[in-house]
Amino acid sequence: MAKENKAVQEEKLNDPSSKIEAIKNLIFGENIAAYNSEFDNVKKDISSKKKELEDFIDETRKELNQAIDNLSTDINIRITELEDNLADKVEMLDTKKVDKNTLGNLLITLGEKISQK
């Protein structure tokens, strides 16, 4: 077992990536931990800002949908009012205006009645 551990340790010492890792630890040592901590803080800050933005977008989307619904309802009410108003105007015109055929027939009938007397 001791021979296996030695073999693994020798393999690690001969591995170029482990040598680079060892050199990196010697050069940067404490700074790496500080950098990692700072990166973690930045990641957390970015994550919280992302969550705030997503919440803001959701809230804005809800407000816009509500405004669109309100506008749609208002437009539908106004269109209905305009249709009713137009129908009233058409009905008023129908009662004020006499059809040409009807007027012609009335005049013929009036003329006949006058000629009979």
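Values quoted throughout were computed directly from the atomic coordinates according to the rules given, and no laboratory measurement underlies them. Given the structure is predicted, the values throughout are model-derived calculations rather than measurements. Here the Cβ positions follow ideal geometry from the backbone for every residue, glycine too, while neighbour counts run over all protein chains shown.
Per residue, the chain reaches -35000 deg cm²/dmol at 222 nm when only DSSP H runs of four or more residues are counted, each adding -39500 (n - 2.57).
Shape annotation for the range 2-116: C-alpha extents along the principal axes are 143, 27, 22 Å, from largest to smallest.
With r defined as the distance between the Cβ atoms of Glu30 and Glu52 and R0 fixed at 30 Å, what FRET efficiency is calculated, to the nearest 0.05? Efficiency computed from Cβ-Cβ geometry: 0.35. Normalised radius of gyration (Cα atoms, divided by 2.2 N^0.38 Å) for the range 49-91: 2.02.
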